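Asker: Would you mind keeping the following structure in view while I ask a few things?
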Amino acid sequence: MNCLWCGRTQKEVIKLRELVAFTKIDPTVRCDSCSGKLVSLLKGTVCLGCSRYWIEEGLCPDCQKWKAAYPNYPFKHTALYQYNEFIKEWIEAYKYAGDYRLGELYKKEIQAFFCKQKELVIPIPISDKSKMLRGFNQVEGLLEFAGVKYTPALIHCGTGEKQSSKNRKMRMLSPQPFKLNDVFQDSIKGKSVILVDDIYTTGRTFFHAADCLLKNGAQSIETFSISR
C-alpha cells in the first residue's frame, strides 16, 4: 500500500488480533513511519476525565473546574492521540484545506473503538458557514470512512466563528451553539450517547453538546476524539 499521508510504499501485514477484532479488514492507509510520529493516549497515565497526559491520580485541574460547573456529569473521555505537530498538520490539511480523503487516516483506530460500542453515536456538528467553505463535516467524514453509523441529532446554530481563532478565555465564555434536531427527539430519550469530535482542546464544545443532549432526555454521555 501507499501511505495516504507521506506516499511511502509499505507491504500490508494483517496481524492476528486484527483478524479476531474485525469481520472485515480494511487495508492499512498509514505507514509505520507516520504511525511512529503519533503518541498514543490509550496506554500510560492520563486524566480519567479528559484523557490528557496526567501523572497524578484522578481528575486534572481542568476537569476539576468542569466538575464544579457540572457536578452530576460523568467524566469519561477517550482520545486516541496526544496533540502534536503531526496531528496539527493533519488537521490543517483535512479540516481547513479540505482534503477529504485524509479522513481515512485513522479509520482502523476508530473501528477498533466503536466495534464493541452499543451507545448512540452523535458527531459534533459544524456551522453552515464552515460546511459551505469546507464542503463536509470533518467528524462525520471520520465516522463514514470507518463505517460507523451515527445520528446527526445536533444542529449548530452559532455564529460559525472558528474555535481555532479563539484563545482559551474566549472559548470558555462562548455561548451555547447547539440545539437538538427535533426529528431525533425520541431517538435520544433514555439513550446512552457517545459524542464525537476531531480534537478535544478545552472541553467547552463537548460540554455544550452534552448539556443540550442531557436536557433533552439523554441518559448518559461519553465523549471521543482523535486527539487531546
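Taken together, the values in this text are just the output of simple stated rules run on the coordinates, not laboratory data. The model shown is predicted, which means the values in this text are computed figures rather than measured ones. Using ideal geometry, Cβ is built from the backbone for each residue, glycine included, and neighbour counts are taken over all protein chains shown.
Asker: Compare the peptides 106-118, 195-207 by average per-residue count of other Cβ atoms within 10 angstrom and give them in order, highest first.
Answerer: Details: 106-118: 16.8, 195-207: 21.1.
Answer by packing, highest mean first, reads 195-207, 106-118.
Asker: Compute the length gained on full extension between residue 6 and residue 57: take 0.36 nm times their separation in residues and subtract their Cα-Cα distance, giving the result in nm to one decimal. Don't jump to the answer; show the numbers that get you there.
Answerer: Working: separation 51, 0.36 × 51 = 18.36 nm, distance 3.80 nm.
Gain on extension, residue 6 to residue 57, equals 14.6 nm.
Asker: Past the 22 Å Cα-Cα mark, which pairs from 108/149; 107/179; 67/88; 11/118?
Answerer: Checking Cα-Cα distances, 107/179; 67/88; 11/118 exceed 22 Å.
Asker: Order by neighbour count: 172, 132, fewest other Cβ atoms within 10 Å first, most last.
Answerer: Neighbour counts put them in this order, fewest first: 132, 172.
Asker: Below 13 angstrom from the Cβ of residue 152, what's the summed charge of the other residues (Lys, Arg +1; Asp, Glu -1)? Don't jump to the answer; show the numbers that get you there.
Answerer: Details: positive: 131, 149, 179; negative: 140, 144, 182.
Charge balance near residue 152 sits at 0.
Asker: Need one number: the % of Cα-Cα pairs in segment 109-228 sitting beyond the 18 Å mark. Kindly include the intermediate steps, with their values, before the conclusion.
Answerer: Details: 3562 of 7140 pairs.
Looking at segment 109-228, the distances longer than 18 Å represent 50 percent of pairs.
Asker: To the nearest 500 deg cm²/dmol, what mean residue ellipticity at 222 nm is calculated for the chain from DSSP H runs of n ≥ 4 alone, each contributing -39,500 (n - 2.57), summed and divided by the residues? It would help to have the intermediate numbers written out before the result.
Answerer: Details: 10 runs with 71 residues, N = 228.
My calculation for the chain gives -8000 deg cm²/dmol from helical runs alone.
Asker: Between residue 115 and residue 176, what is the label-point separation in nm under the 7 Å Cα-to-beta-carbon projection?
Answerer: The modelled label-to-label distance comes out at 3.9 nm.
Asker: Whose amide H sits under 5 Å from the amide H of residue 178, counting only residues 5 or more places off or on another chain, with H placed in the peptide plane?
Answerer: Under 5 Å from the amide H of residue 178: 157.
Asker: Give me the net charge for the shell around residue 8: Cβ to Cβ below 14 angstrom, other residues only, Lys and Arg +1, Asp and Glu -1. Mind showing how you got there, number by number?
Answerer: Details: positive: 11, 30, 37; negative: 12, 32.
Charge balance near residue 8 sits at +1.
Asker: Next question. Give me the Debye-computed log₁₀ of I(q)/I(0) at q = 0.09, 0.10, 0.17, 0.18 Å⁻¹ for the chain, equal point scatterers on Cα only, no solvent, two decimals.
Answerer: Results for the chain at q = 0.09, 0.10, 0.17, 0.18 Å⁻¹ read -0.37, -0.47, -1.41, -1.56.
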